[in-house]
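S.K.: Sharing a structure, written as structure tokens. Questions coming.
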Amino acid sequence: MAASATAKKSKPTPKPKGFKTFVAKPGEVKAKWYVVDAEGQTLGRLASAIAVKLMGKDKAVYTRHIDTGDFVVVLNAEKVAIAPRKRTAKIYRRYSGYLGGLKKETFEEVQASKPERIIEQAVRKMLPKNLLAKQMLSKLKVYRGAEHPHAAQKPEPWNPLG
């Protein structure tokens, strides 16, 4: 006890000056265009990779309250893969707002009529539930075949799972 009382009290060390946190500004971030072929890709894995790209979480300038994401063009939406059991078990629901207005469709029915909706809904459910989600989802372009009208933007090919 006596040894600790005679020890000199050292001065407190000054706090180091921190770095400024980078915050992206709305007009500062340039969005790139990417094209993805969904043929044979697993739906959930593809949708989660696309959601990360739309949010911009793969960029160093990611700021959560600013849309820093890129544009993603998805081709061959009708050829997306899913577990065989889910082809009949997975149900897509839409509600019109009226009494008895609940529409139910299986994965196979949606794939035959509007295959774009499958990928759009999967990605939408993986985006944040806030006001930016609609803006991020508008950067997703899904097409049934191998053709798309965005050649002028010069999209880069991107394989999210490979």
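The values are calculated or read from the model by the stated rules, or taken from the named source; none is laboratory data. Since the structure is predicted, the reported quantities are computational estimates derived from the model, not experimental observations. Cβ atoms come from the backbone with ideal geometry, glycine included; neighbour counts cover every protein chain shown.
S.K.: Could you go through segment 35-51 and let me know if any residue there is in a loop (DSSP other than H, G, I, E, B), modelled with pLDDT of 95 or more and of a type in the set (Val, Ile, Thr).
M.R.: Looking for residues that are in a loop (DSSP other than H, G, I, E, B), modelled with pLDDT of 95 or more and of a type in the set (Val, Ile, Thr), one finds none in segment 35-51, hence no.
S.K.: Give me the pairs, please: first residue somewhere in segment 88-105 and of a type in the set (A, V, I, L, M), second residue anywhere and part of a strand (DSSP E or B), beta-carbon distance under 8 Å, and either six or more positions apart or on two chains.
M.R.: Correct list of pairs: 89/106; 91/104; 91/105; 91/106; 102/93; 102/94; 102/95.
S.K.: Across segment 131-161, which residue is modelled with the highest pLDDT among those that are aliphatic (A, V, I, L, M) and part of a loop (DSSP other than H, G, I, E, B)?
M.R.: Once the filter is applied, the top-ranked residue is 146.
S.K.: Can you tell me how many residues within segment 123-137 are under 13 Å from residue 74 (Cα atoms) and either of a type outside the set (Val, Ile, Thr) or surrounded by fewer than 19 Cβ atoms within 10 Å (Cβ to Cβ) (or both)?
M.R.: Going through segment 123-137 one residue at a time, the tally reaches 1.
S.K.: Hey, residue 60 hits all of (1) out of contact with any helix residue (DSSP H, G or I) (no Cβ under 7 Å at 6 or more places or on another chain); (2) over 26 Å from residue 153 (Cα atoms); (3) aliphatic (A, V, I, L, M) but one; which does it fall short on?
M.R.: With respect to (1) out of contact with any helix residue (DSSP H, G or I) (no Cβ under 7 Å at 6 or more places or on another chain); (2) over 26 Å from residue 153 (Cα atoms); (3) aliphatic (A, V, I, L, M), residue 60 is out only on (2).
S.K.: A follow-up question, please. Of these, 73, 61, which one is in a strand (DSSP E or B) and under 30 Å from residue 25 (Cβ atoms)?
M.R.: Just a single option satisfies the conditions, and that option is 73.
S.K.: Within segment 96-117, identify whether any single residue is among the hydrophobic types (A, V, I, L, M, F, W, C), closer than 22 Å to residue 31 by Cα and crowded, with 16+ Cβ neighbours inside 10 Å, and answer yes or no.
M.R.: no
S.K.: Next question, about the same structure. In this structure, does residue 154 turn out to be under 30 Å from residue 58 (Cα atoms) and within 13 Å of the chain's Cα centre (by Cα)?
M.R.: no
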